[in-house]
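Chemist: Have a look at the structure that comes next, please.
The values are calculated or read from the model by the stated rules, or taken from the named source; none is laboratory data. If you're wondering where the values come from, they're calculated on a predicted model, not measured in any experiment. Backbone-built Cβ (ideal geometry, glycine too); neighbour counts: all protein chains shown. Note: accessible area is taken over every heavy atom of the protein model, side chains too, but ligands, DNA and RNA are not part of it. Shrake-Rupley method; radii C 1.70, N 1.55, O 1.52, S 1.80 Å.
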2 protein chains.
Amino acid sequence: MTYCVAISVDEGLVFASDSRTNAGPDQVSVFGKMHVLVEEADRFLVLLSAGNLGTTQAVRTRIRHDLEFDRQPNLRTLPSMAEVAEYLGSINAEQRRKHAENSEHDGAMTATFVLGGQIAGRDPGIFLVYPEGNYIRASSQTPFLQIGESKYGKPILDRLVKASLSLEDTARVALISMDATMRSNVTVGPPIEVLIYNLRKPRLLRHMVFGPDDDYLRELGRSWQGYVEKAFSVLPPLPPRPTELLRVVDE
Amino acid sequence: MTYCVAISVDEGLVFASDSRTNAGPDQVSVFGKMHVLVEEADRFLVLLSAGNLGTTQAVRTRIRHDLEFDRQPNLRTLPSMAEVAEYLGSINAEQRRKHAENSEHDGAMTATFVLGGQIAGRDPGIFLVYPEGNYIRASSQTPFLQIGESKYGKPILDRLVKASLSLEDTARVALISMDATMRSNVTVGPPIEVLIYNLRKPRLLRHMVFGPDDDYLRELGRSWQGYVEKAFSVLPPLPPRPTELLRVVDE
């Protein structure tokens, strides 16, 4: 499985992804799921991917070939993030259709992407692109998008993400969300990649990779665990309500 | 949807459940999902239910009728918790089969249960009973069982549940797990029921119901939110690693 999250705040964008790919019990391998598609003077585009590894690689190959052979449209010529999402969606749906014909389980061939970035002169954005090719864009009400094993890491994002968070804090929230997911689900694992796109310094991408024995990641997880245990120990005691006697037998 | 959790600790058992049932966009209603099946001198049996409401009600009706008409086996005569789980599983699988024939979507008719309690002279236990009728028992390595929308509330259980927790602390962990689930998923909602079974005082069940505007539940959620925000603000800063320049285009 996979867990990827993208968060949009006032200062910029933060992306985080795990690297564990599980193609059956004997084939647990490491594949990065974060790919910078274009980083040029007028645009920065990054892709997070979840789902069938064959489909995600086929989608990326097609995108790369369109660029390399200058086929139209391609990532250098599309004028807006929304049109990039549309382009990515149509390739995704096409690749899925192609292989689904040969599969008994249609769902097994699907891939889901988070696309993020900025095209010069326009607002930055993050998009979730579905296997069907349609997509949604994050908004101020929904400032983060997740793909893969997204539920374990959602409560902490719901509690802490807001537009005014600094990029540093946003990256730490993303790492805590990743830590929660890894503790609860063994199919999500390191290396963990974090990418910070600062709106005011768009040329200075900050890209961090945390391996399985990374000191910082371990220290962050340990600190968080300690704080949570301490917070828990000072919660208000249960209300001193009278002990109710339950209905003896159901109904 | 539903979220129910049962936790087994040295001092006893704690059960928590929500009450929201969603049978389509127009039919969001309130149904308790915690049912004490038997509370007699020699045994205490409680059931948490998730899944198709028709199936869960049919299962409970059948259990009640077996008791009422003294059909064998029934909950008063079965000699162990494992045999009660087996009995519940066979009824569950039977009810599912009966209605699945008339449904296009087999999965839509399934129900999943958590069974908990104690029969005099034997260890207490909690069991998860699947739609197929099979079941698993919680152990010291896996001291809690969840049904329904279980992923949102799992990280906090993974972090905090251990055999030595007091019943009071265990109930608060269950409520925090419920709070996380309700914040992240609108299909899980109050009233929240909590039931505490104290091994040393088995006749003194503590049953609490927290409505949507319950002061304690709100205070607990607010305190937890405050502590989490505070904990987050003192986490170690991101490592001061050199900003890496990413490969410009994928591959």
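Chemist: Test A:G153 against the criterion of being more than 12 Å from the chain's Cα centre (by Cα) and either aromatic (F, W, Y) or open to solvent by less than 60 Å² (accessible area, probe 1.4 Å) (or both), and give yes or no.
Modeler: Working: more than 12 Å from the chain's Cα centre (by Cα): no; either aromatic (F, W, Y) or open to solvent by less than 60 Å² (accessible area, probe 1.4 Å) (or both): yes.
In short, no.
Chemist: Now a separate question. Among the residues of segment A:138-145, are any crowded, with 23+ Cβ neighbours inside 10 Å, β-branched (V, I, T) and farther than 21 Å from B:G226 by Cβ?
Modeler: no
Chemist: A:T55: touching a His at 6+ places or on another chain (Cβ under 8 Å) and under 25 Å from A:A138 (Cβ atoms), yes or no?
Modeler: Details: touching a His at 6+ places or on another chain (Cβ under 8 Å): yes; under 25 Å from A:A138 (Cβ atoms): yes.
For A:T55, the condition - touching a His at 6+ places or on another chain (Cβ under 8 Å) and under 25 Å from A:A138 (Cβ atoms) - is met.
Chemist: Now for a separate question. Take segment A:64-110 and flag every residue that is open to solvent by less than 30 Å² (accessible area, probe 1.4 Å) and charged (D, E, K, R).
Modeler: Result: A:D66, single match.
Chemist: Additional query: Just one of B:L67, B:L37 is within 14 Å of chain A (Cβ to nearest Cβ), under 22 Å from B:A82 (Cβ atoms), at pLDDT 90 or above and in contact with a helix residue (DSSP H, G or I) (Cβ under 7 Å, 6 or more places away or on another chain); which is it?
Modeler: B:L37
Chemist: I've got another one for you. A:I176 - would you say it is touching a Cys at 6+ places or on another chain (Cβ under 6 Å), modelled with pLDDT of 95 or more and crowded, with 21+ Cβ neighbours inside 10 Å?
Modeler: Values: touching a Cys at 6+ places or on another chain (Cβ under 6 Å): no; modelled with pLDDT of 95 or more: yes; crowded, with 21+ Cβ neighbours inside 10 Å: yes.
Considered against the rule, which asks whether it is touching a Cys at 6+ places or on another chain (Cβ under 6 Å), modelled with pLDDT of 95 or more and crowded, with 21+ Cβ neighbours inside 10 Å, A:I176 comes out as no.
Chemist: A further question on this structure: Of the numbered conditions (1) modelled with pLDDT of 95 or more; (2) within 14 Å of chain A (Cβ to nearest Cβ), B:V9 fails exactly one; give the number of that condition.
Modeler: Going through (1) modelled with pLDDT of 95 or more; (2) within 14 Å of chain A (Cβ to nearest Cβ) one by one, B:V9 breaks only (2).
Chemist: Looking only at segment A:224-237, filter to residues that are assigned to a helix (DSSP H, G or I) and open to solvent by less than 20 Å² (accessible area, probe 1.4 Å); which one of those is nearest to the other protein chains (Cβ to nearest Cβ)?
Modeler: Filtering segment A:224-237 down to residues assigned to a helix (DSSP H, G or I) leaves A:224-233.
From what's left, open to solvent by less than 20 Å² (accessible area, probe 1.4 Å): A:224, A:228, A:231-232.
On the way: A:W224: 7, A:V228: 6, A:A231: 3, A:F232: 6 Å.
Taking the candidates together, the pick is A:A231.
Chemist: Turning to a different aspect of this structure: Quick check, is B:V161 under 28 Å from A:M182 (Cβ atoms) and surrounded by 23 or more Cβ atoms within 10 Å (Cβ to Cβ)? So that I can check it myself, show each step before the final result.
Modeler: On the way: under 28 Å from A:M182 (Cβ atoms): yes; surrounded by 23 or more Cβ atoms within 10 Å (Cβ to Cβ): no.
Judged against the criteria, B:V161 is not a match.
Chemist: Which residue out of B:E86, B:E101, B:E94, B:E68 is of a type in the set (D, E) and within 28 Å of B:V188 (Cα to Cα)? Quick ask: steps written out before the conclusion?
Modeler: Details: B:E86 fails: within 28 Å of B:V188 (Cα to Cα); B:E101 fails: within 28 Å of B:V188 (Cα to Cα); B:E68 fails: within 28 Å of B:V188 (Cα to Cα).
It is B:E94.
Chemist: A further question follows. Just to be sure, is A:L204 open to solvent by 40 Å² or more (accessible area, probe 1.4 Å), under 17 Å from A:H35 (Cα atoms) and facing chain B (nearest Cβ under 8 Å)? If you could, list the steps in order and put the result at the bottom.
Modeler: On the way: open to solvent by 40 Å² or more (accessible area, probe 1.4 Å): yes; under 17 Å from A:H35 (Cα atoms): yes; facing chain B (nearest Cβ under 8 Å): yes.
Against the criterion (open to solvent by 40 Å² or more (accessible area, probe 1.4 Å), under 17 Å from A:H35 (Cα atoms) and facing chain B (nearest Cβ under 8 Å)), A:L204 qualifies.
Chemist: Here's something else I'd like to know. Go through the residues of segment A:105-128 one by one and say whether even a single one is within 17 Å of the chain's Cα centre (by Cα) and over 22 Å from A:E83 (Cβ atoms).
Modeler: Within segment A:105-128 (the criterion being within 17 Å of the chain's Cα centre (by Cα) and over 22 Å from A:E83 (Cβ atoms)), the answer is yes, since at least one residue qualifies.
Every residue, every condition in (1) assigned to a strand (DSSP E or B); (2) more than 21 Å from A:S223 (Cα to Cα); (3) open to solvent by less than 30 Å² (accessible area, probe 1.4 Å), yes or no:
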site	(1), (2), (3)
B:V186	no, yes, no
B:G189	no, yes, yes
B:V209	yes, yes, no
B:P239	no, no, yes
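Here's the yes/no breakdown for (1) of a type in the set (F, W, Y); (2) under 30 Å from B:S90 (Cβ atoms); (3) away from chain A (no Cβ under 11 Å):
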site	(1), (2), (3)
B:D158	no, no, no
B:T187	no, yes, yes
B:E193	no, yes, no
B:V209	no, no, no
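Chemist: Go through segment A:211-223 and report how many residues are within 18 Å of A:F15 (Cβ to Cβ) and not in a loop (DSSP other than H, G, I, E, B).
Modeler: Of the residues in segment A:211-223, 3 are within 18 Å of A:F15 (Cβ to Cβ) and not in a loop (DSSP other than H, G, I, E, B).
Chemist: Another question, if that's okay. Out of the residues in segment A:164-173 that are among the small types (G, A, S) and either farther than 17 Å from A:C4 by Cβ or open to solvent by 10 Å² or more (accessible area, probe 1.4 Å) (or both), state the one that is farthest from the other protein chains (Cβ to nearest Cβ). Before the answer, list the steps.
Modeler: Residues of segment A:164-173 among the small types (G, A, S): A:164, A:166, A:171.
Subsequent filtering for residues that are either farther than 17 Å from A:C4 by Cβ or open to solvent by 10 Å² or more (accessible area, probe 1.4 Å) (or both) retains A:164, A:166.
Details: A:S164: 13, A:S166: 11 Å.
Taking the candidates together, the pick is A:S164.
Chemist: Tally up the residues in segment B:136-180 that are under 22 Å from A:N185 (Cβ atoms), in a loop (DSSP other than H, G, I, E, B) and hydrophobic (A, V, I, L, M, F, W, C), please.
Modeler: The qualifying residues number 2.
Chemist: Now, a different point. Kindly list, by first and then second residue, each pair from a residue in segment A:210-221 that is over 19 Å from A:R20 (Cα atoms) to a residue that is at pLDDT below 90 and loosely packed, with under 13 Cβ neighbours inside 10 Å, limited to pairs with Cβ atoms under 9 Å and residues at least 6 apart or on different chains.
Modeler: If the second residue must be at pLDDT below 90 and loosely packed, with under 13 Cβ neighbours inside 10 Å, the pairs left are A:Y216/B:R241.
Chemist: Just checking, does segment A:124-135 include any residue being at pLDDT below 95, among the small types (G, A, S) and assigned to a loop (DSSP other than H, G, I, E, B)?
Modeler: no
Chemist: Let me ask something else about it. Out of the residues in segment B:49-63 that are touching a residue at least 24 places away in the same chain (Cβ under 8 Å) and within 12 Å of chain A (Cβ to nearest Cβ), which is surrounded by the fewest Cβ atoms within 10 Å (Cβ to Cβ)?
Modeler: So in segment B:49-63, the residues touching a residue at least 24 places away in the same chain (Cβ under 8 Å) come out as B:49-56, B:58-60, B:62-63.
From the residues that got through so far, the ones that are within 12 Å of chain A (Cβ to nearest Cβ) too are B:49, B:56, B:59-60, B:62-63.
Working: B:S49: 28, B:T56: 25, B:V59: 25, B:R60: 20, B:R62: 16, B:I63: 23.
My answer is B:R62.
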